[in-house]
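Data first, discussion second: the structure below is written as structure tokens.
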Amino acid sequence: MSFYRFVALTPNFPGKIVPVDLSTTGKHLIARGGAYMAHCGQVSLTADFDCNCCRCCCGGMGMARQSIQGDGTVFLAAGGTIITKVLGVKEKIVVDTESIVAYQHGVTLDIKAAGGCCTMCCGGEGLFNSSLEGPGLVVIQSMSFQKYKDALQPPEVVALK
């Protein structure tokens with residue numbers, strides 16, 4: 001008699017599950033708070049702190065991030081279209097600050113002005129974008145959970161007197 005065993009996973013918001021094999025990514029990943037869902041194999045979770053005030057406030061990852069280490073497979077939650085890209089040495093990608101899900105330890109995270117003064121104030125993109133410079137794996141999403149909640153929230157109605 002054979003028995004089938006399986007586990008079903010789902011993120012806590014309408015999103016996708018991104019499996020990352022840590023044995024192929026240098027065994028160390030930095031993830032956005034709340035991105036971790038589950039793992040199999042030898043994986044440990046700790047906190048990673050970024051004490052640069054500019055990156056903490058404007059880089060999209062905050063001061064405390066998730067540090068995921070080991071040689072197993074980790075499952076991350078992300079929303080919208082998911083892009084996993086392995087950046088080459090000195091290869092750089094610039095993304096919206098809320099789009100970063102995770103990146104390999106060794107990838108450099110920085111911030112970049114979103115344009116000139118008029119663009120930053122009136123362009124709708126905000127003040128800063130996040131810059132990731134390789135080498136290493138980056139995982140990017142097009143719809144963060146916060147963007148999802150904002151899209152579902154009805155606009156405020158102003159009552160006319």
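Tabulated results
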{"item": "Unmet requirement for Tyr148, which otherwise passes all of (1) in contact (Cβ under 8 Å) with a residue 24 or more places away in the chain; (2) open to solvent by less than 80 Å² (accessible area, probe 1.4 Å); (3) touching a strand residue (DSSP E or B) at 6+ places or on another chain (Cβ under 8 Å)", "result": "(3)"}
{"item": "Filtered residues of the range 37-56 (kept if within 18 Å of Gln146 (Cα to Cα) and in contact with a Phe, Trp or Tyr (Cβ under 8 Å, 6 or more places away or on another chain))", "result": "Met37"}
{"item": "Every residue from the range 57-90 that is out of contact with any helix residue (DSSP H, G or I) (no Cβ under 7 Å at 6 or more places or on another chain), on the phi > 0 side of the Ramachandran plot and at pLDDT 90 or above", "result": "Lys90"}
{"item": "Residue check for Gly72: under 19 Å from Lys147 (Cβ atoms) and either of a type in the set (Gly, Ala, Ser) or in contact with an Asp or Glu (Cβ under 9 Å, 6 or more places away or on another chain) (or both)", "result": "no"}
{"item": "Failed item in (1) among the hydrophobic types (A, V, I, L, M, F, W, C); (2) farther than 17 Å from Arg32 by Cα; (3) modelled with pLDDT of 85 or more, with Leu160 passing the rest", "result": "(3)"}
{"item": "Residue within the range 114-127 that is within 16 Å of Gly26 (Cα to Cα) and either open to solvent by less than 60 Å² (accessible area, probe 1.4 Å) or of a type outside the set (S, T, N, Q) (or both) present", "result": "no"}
{"item": "Residue match in the range 105-113 (condition: in contact with a strand residue (DSSP E or B) (Cβ under 7 Å, 6 or more places away or on another chain), among the acidic types (Asp, Glu), at pLDDT 85 or above and surrounded by fewer than 19 Cβ atoms within 10 Å (Cβ to Cβ))", "result": "yes"}
{"item": "Residues of the range 115-152 satisfying the condition of being among the polar types (S, T, N, Q) and at pLDDT below 80", "result": "Thr119, Ser144, Gln146"}
{"item": "Strands (runs of 3 or more DSSP E) within the range 1-84 that include 1 or more residues open to solvent by 50 Å² or more (accessible area, probe 1.4 Å)", "result": "16-21, 36-40, 43-49, 64-70"}
{"item": "Qualifying residue in the range 91-104 (condition: of a type in the set (D, E, K, R), open to solvent by 70 Å² or more (accessible area, probe 1.4 Å), outside any strand (DSSP E or B) and modelled with pLDDT of 85 or more)", "result": "no"}
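The values are calculated or read from the model by the stated rules, or taken from the named source; none is laboratory data. Predicted, not measured: the structure shown is a model, and the values here were computed from it. Every residue, glycine among them, receives a Cβ derived from its backbone with ideal geometry; neighbour counts consider all protein chains shown. Ligands, DNA and RNA are excluded from the accessible area calculation, which covers all protein heavy atoms including side chains. Shrake-Rupley method; radii C 1.70, N 1.55, O 1.52, S 1.80 Å.
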